[in-house]
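Some notes on the structure that comes next.
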Amino acid sequence: MGHADGGNSLMDETQIISDCSANTPKPVRSIEAKVEPGRYRFHFSRSPRIFLGRAAASLTLTGFLLIGCGDDPAPKPAAEEPAKPAAPAVPEDMQAAAQNLLGKETQVLVFGDLAKTGTQQFLAANVVPKTPKNDIPGTIVTRAVIAEEVDGKWSELLRCDEYLKNAKGYLALTPLSAVAGWKVQYEQDPIKGIQLYFTPIKGPTDKHVLPIGIAWNPATKRYQSLDLTYEHFLMEKPSLDTARSVLR
């Protein structure tokens, strides 16, 4: 009901106040909420330290996983080197011929068409074990021979014992004093054939003795020594007095 003075009634004023209260924004609840006992509680006051610790641990684990799962493929194991083919077995007749020339303790070092003459030859020796004191490259021998097969028979072409000799005499440059041991090296040329180097062993630490080069001479058809340039053949001598060594 209205009043005479045109004012609103108490009921109307009460309704207005009620409507205004309904339209007034409500305050935001506090972020830190109380949780009933027995449930997990999350407090922003402690959460930064826990969060950072867990984050650091997660980043560390992620780094390890990334290292283990990189894009680069795992390194492949090194390929094994192919096995070297076994040396051909020495024919029985050749081994028997070598033993007839040098005795039972004889080793055939190399065989085949050594001089490139179309005939079979072999280099055999009485080999002794190497020792640390003898450090000159090569195989240590006390005696060695080169033999050739002709018409099924083996004949000696070169002998190395206390001296170097062939069927014509002493090879040039052979030492005048008897040699008890030699270092033998050899290389095979596909055209010229085998070339040998005999170094007399003078003492356990003597490295100043030059090797004597020996090769097949097609002109004379025998093994002869070479000069100090290893290019020219030297004639053999019938006696040691004329076969004086110049290897110093």
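A short reminder: the numbers here are calculations on the coordinates, not readings from a lab. On a predicted model such as this, the values are computed, not experimentally measured, just so you know. Glycine gets a Cβ as well: all are built from the backbone with ideal geometry, and neighbour counts include every protein chain shown.
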Which entries of LYS130/LYS183; LYS165/LYS237; LYS116/LYS183; LYS104/LYS153; LYS202/LYS237 have Cα-Cα distances beyond 21 Å here? LYS116/LYS183; LYS202/LYS237
Distance histogram for region 114-176 (every C-alpha pair counted, 10 angstrom bins, percent rounded to whole numbers): 19, 40, 32, 8, 1
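Working out 0.36 nm times the residue gap between THR117 and ILE191, then minus their Cα-Cα distance, what length gain in nm do you get to one decimal?
Numbers: separation 74, 0.36 × 74 = 26.64 nm, distance 1.01 nm.
Gain on extension, THR117 to ILE191, equals 25.6 nm.
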Can you tell me, using C-alpha contacts under 8 Å and at least 6 residues apart, the relative contact order of region 86-166 as a whole percent? 20
Convex hull volume of the Cα atoms in region 153-235, per residue, in Å³? 115
Theoretical FRET efficiency, 1/(1+(r/R0)^6), r = Cβ-Cβ of ALA178 and ASN217, R0 35 Å, to 0.05: 0.85
